[in-house]
Amino acid sequence: MKAIYAGSFSPPTLGHLDIIRRASSLFEEVFVAVLSQSEKRYLFSLKEREEMLSRITRDMQNVRVLSDEGMLVDLARRVGADVILRGIRDASDLPLEMQMAVANRRIGEMDTLFLVCSPQYSLLSSSIVRDCARHKAPIEGMVPPEIVEDIYRACATAPDSK
Ligand code: ADP
């Protein structure tokens, strides 16, 4: 079975990477899709987020990173994914995740599977990483070491983006 794991990944965190690593051993192939919601201004461009994800997943042979500005179900169908994969941190993630799962089932006839995140990452989010980096606080232990400098650099030049 092939899964598509989508998000804004602004920036990718160790929590995201943990889900990708676990998915790569569960599924034949994992597509990691960087998506943009058009109304948001992001700290990194779609291509920059795609490049960072490619860099931190390059040891996983069955993981393919892509980006798209359209609807997730259309992309999922185009690449031949069987299911959508999402990560759940705690119960407060559920209402929105369930709404999206029902919508994707209705519009794309595609099921969503959830992986519960590893406990050490349950309080970690991209927005916490951005807030820390903007104030030059340490972000080691939150994101893969290969992208720490990219995040500080981006926060220094575009301080108030998502
Ligand atoms: P979105 O803006 O679409 O929610 P994110 O980049 O924030 O995208 O997250 C992408 C996916 O990763 C979502 O399923 C989200 O619940 C999950 N996720 C976010 N943070 C973590 C974490 N710390 N551990 C595990 N999964 C996470």
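The values are calculated or read from the model by the stated rules, or taken from the named source; none is laboratory data. Here the structure is a predicted model, which is why all the values come from computation and not from measurement. We place every Cβ from the backbone using ideal geometry, glycine too, and count neighbours over all the protein chains shown. Surface areas here come from the heavy atoms of the whole protein model, side chains and all, with no ligands, DNA or RNA. Shrake-Rupley method; radii C 1.70, N 1.55, O 1.52, S 1.80 Å.
Annotations for the structure displayed:
- Nearby aspartates and glutamates by direct alpha-carbon distance to LYS40 (threshold 18 angstrom, same-chain neighbours under 8 apart not counted): GLU48, GLU50, ASP68, GLU69, ASP131, ASP160
- Helical content of the chain, expressed as a calculated mean residue ellipticity at 222 nm, amounts to -12500 deg cm²/dmol (DSSP H runs of 4 or more residues, -39,500 (n - 2.57) each, divided by residue number, nearest 500).
- Alpha-carbon spread of region 105-162, three principal axes, descending order, Å: 43, 27, 19
- Computed over protein heavy atoms with a 1.4 angstrom probe, the accessible surface ordering of MET98, MET110, largest first, is MET98, MET110.
- Rh (Kirkwood; distinct C-alpha pairs) - the chain, Å: 16.1
- Placed amide H near SER67: partners under 5 Å, 5+ positions off or other chain: VAL34
- Relative contact order (%) - criterion: Cα under 8 Å, at least six apart; region: region 38-115: 27
- The relative contact order of region 11-82 comes to 38 percent, based on Cα pairs under 8 Å that sit 6 or more residues apart.
- Derived scalar couplings between HN and Hα for region 134-143 equal 4, 9, 6, 7, x, 10, 4, x, 10, 10 Hz in order, rounded to whole Hz, by the Karplus curve 6.51 cos²θ - 1.76 cosθ + 1.60 (θ = phi - 60°), x for Gly and Pro.
- For the chain, carbon and sulfur atoms together expose 54% of the accessible surface, with a 1.4 angstrom probe and every protein chain in place.
- Under the combined filter of DSSP loop state and at most 14 neighbouring Cβ atoms within 10 Å, region 56-162 retains these GluC sites (Glu not before Pro): GLU69, GLU109.
- Couplings for region 76-87, taken from phi via the Karplus curve 6.51 cos²θ - 1.76 cosθ + 1.60 with θ = phi - 60°, read 4, 5, 4, 8, x, 6, 8, 9, 8, 10, 9, x Hz in order; Gly and Pro are left as x.
- For region 6-83: rounded, prolate or oblate by the Cα gyration tensor [a/c cutoff 1.5]: oblate
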